[in-house]
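The values are calculated or read from the model by the stated rules, or taken from the named source; none is laboratory data. The structure displayed is predicted, hence computed values, not measured ones. All Cβ positions, even for glycine, are placed from backbone atoms using ideal geometry, and neighbour counts span all protein chains on display.
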Amino acid sequence: MTHSTTHFDRVAADWDSEPRRVVLMRSIAEKIVRVVPLDREMDLLDYGCGTGLLGLFLLPYVGTVTGADNSPGMLAELQRKIAAGGVERIRAIQLDLERDPVPCARYHLIVSGMALHHIADTDTVLRAFHTLLHPGGMLCLADLDTEPGIFHPAEMDSVVHHHGFDRAEIKRKLLSSGFSELTDATAIRFFKPVAGRQDYEFSVFLITGRI
Ligand SMILES: C[S@@+](CC[C@H](N)C(=O)[O-])C[C@H]1O[C@@H](n2cnc3c(N)ncnc32)[C@H](O)[C@@H]1O
């Protein structure tokens, strides 16, 4: 089990009780709905899905949602929601594209919200996203713009591999992984209390690409 899995397993049960997280994922979903042509024939992969917030917001617009995460605890929360709500067309799978072989399934759309900065080897995962898409499929990456390393508390250091990202750098990586038609936009800006400082304004990008 990785450090990351242990941390997210521990916080899974309380994840959705922080309203900021729900607002953030709803804003990202709304931005995706505005900029990506969605339809009910699409199979969507939500990578680093956590408790499934982003995938569940997008479920009404697509055919199926697969929520993938490497944390059994987070996936158990998504599974609990699926069972409790009788939610159909969504499933939860354990997957770590840094380490696991790329599955055989293919998707029309891959979304990932606030997961990439927890992934050390982003190149491997971006290449796997390319493999997992049908021809013409789209990728939507939402994550923090470069920040001064204050978004997470110090006790999360072992599971934070990037202090946000430079958009141009991510787009260069996507180009070299085979993506084209790259776009970037700001999905949301928000203030968050930060230890020992006044609230700090963070921003989250939405980068899209097509294969
Ligand atoms: C900040 S949470 C975001 C969860 C969800 N997208 C949301 O915003 O509610 C990051 C998620 O990425 C997952 N994660 C971290 N590293 C991963 C990896 N290598 N493969 C799959 N999931 C990973 C964590 O388990 C966690 O659920």
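When we screen ILE119, ILE211 for residues that are out of contact with any Phe, Trp or Tyr (no Cβ under 8 Å at 6 or more places or on another chain), among the hydrophobic types (A, V, I, L, M, F, W, C) and within 28 Å of ASP43 (Cα to Cα), the only hit is ILE119. Scanning region 112-123 for residues being more than 9 Å from the ligand (Cβ to nearest atom) and surrounded by 15 or more Cβ atoms within 10 Å (Cβ to Cβ) gives a total of 1.
Could you look through region 138-183, keep only residues that are of a type in the set (Asp, Glu) and part of a strand (DSSP E or B), and pick out the one that is nearest to the chain's Cα centre (by Cα)? Even if it seems obvious, please write down each step before you answer.
Step one: of region 138-183, the residues of a type in the set (Asp, Glu) are 143, 145, 147, 155, 157, 166, 169, 181.
Right, trim to part of a strand (DSSP E or B) and you get 143, 145, 181.
Numbers: ASP143: 8, ASP145: 14, GLU181: 20 Å.
Out of the qualifying residues, it is ASP143.
Quick check on ALA92: is it surrounded by 23 or more Cβ atoms within 10 Å (Cβ to Cβ) and either in a helix (DSSP H, G or I) or modelled with pLDDT of 95 or more (or both)? Answer is yes for this residue.
Sort through PHE179, PHE165, PHE129 and tell me the only one that's closer than 15 Å to ASP46 by Cα and touching a strand residue (DSSP E or B) at 6+ places or on another chain (Cβ under 7 Å).
On the way: PHE179 fails: closer than 15 Å to ASP46 by Cα; PHE165 fails: closer than 15 Å to ASP46 by Cα.
Result of the check over PHE179, PHE165, PHE129: PHE129.
In region 4-24, which residues are farther than 16 Å from VAL160 by Cβ, more than 10 Å from the ligand (Cβ to nearest atom) and in contact (Cβ under 8 Å) with a residue 24 or more places away in the chain? If the condition is that a residue be farther than 16 Å from VAL160 by Cβ, more than 10 Å from the ligand (Cβ to nearest atom) and in contact (Cβ under 8 Å) with a residue 24 or more places away in the chain, then ALA13, ARG20, VAL23 are the ones that fit.
With respect to SER27, is the statement that it is in contact (Cβ under 8 Å) with a residue 40 or more places away in the chain, among the polar types (S, T, N, Q) and farther than 22 Å from LEU126 by Cβ true? So SER27 passes the test. All of (1) under 27 Å from ILE188 (Cα atoms); (2) away from the ligand (no atom under 11 Å from the Cβ); (3) not in a strand (DSSP E or B) hold for VAL102 with one exception: (1).
Restricting region 1-12 to residues that are farther than 20 Å from THR66 by Cα and surrounded by fewer than 20 Cβ atoms within 10 Å (Cβ to Cβ), which is farthest from the chain's Cα centre (by Cα)? Even if it seems obvious, please write down each step before you answer.
We begin by selecting, within region 1-12, every residue farther than 20 Å from THR66 by Cα; these are 1-4, 6-7, 10-11.
Now restrict to residues that are surrounded by fewer than 20 Cβ atoms within 10 Å (Cβ to Cβ): 1-3, 6-7, 10-11.
Details: MET1: 20, THR2: 18, HIS3: 18, THR6: 18, HIS7: 17, ARG10: 19, VAL11: 17 Å.
My answer is MET1.
Just one residue in the set ALA83, ALA76 is away from the ligand (no atom under 15 Å from the Cβ) and either over 26 Å from HIS134 (Cβ atoms) or in a helix (DSSP H, G or I) (or both); that residue is ALA83. Does GLY137 fit the bill of being at pLDDT 95 or above and either among the hydrophobic types (A, V, I, L, M, F, W, C) or in contact with a His (Cβ under 8 Å, 6 or more places away or on another chain) (or both)? It is true that GLY137 is at pLDDT 95 or above and either among the hydrophobic types (A, V, I, L, M, F, W, C) or in contact with a His (Cβ under 8 Å, 6 or more places away or on another chain) (or both). Among the residues of region 100-125, those that are farther than 24 Å from TYR61 by Cβ and either of a type in the set (A, V, I, L, M) or touching a residue at least 40 places away in the same chain (Cβ under 8 Å) (or both) comprise VAL102, HIS117, HIS118, ILE119, ALA120, THR122, ASP123, VAL125. Inside region 37-61, residues that are buried (at least 20 other Cβ atoms within 10 Å of the Cβ) and touching a residue at least 40 places away in the same chain (Cβ under 8 Å) make up a count of 13.
Within region 25-70, restricting attention to residues that are in a loop (DSSP other than H, G, I, E, B) and near the ligand (Cβ under 8 Å from one of its atoms), the residue that is farthest from MET114 (Cα to Cα) is ASN70.
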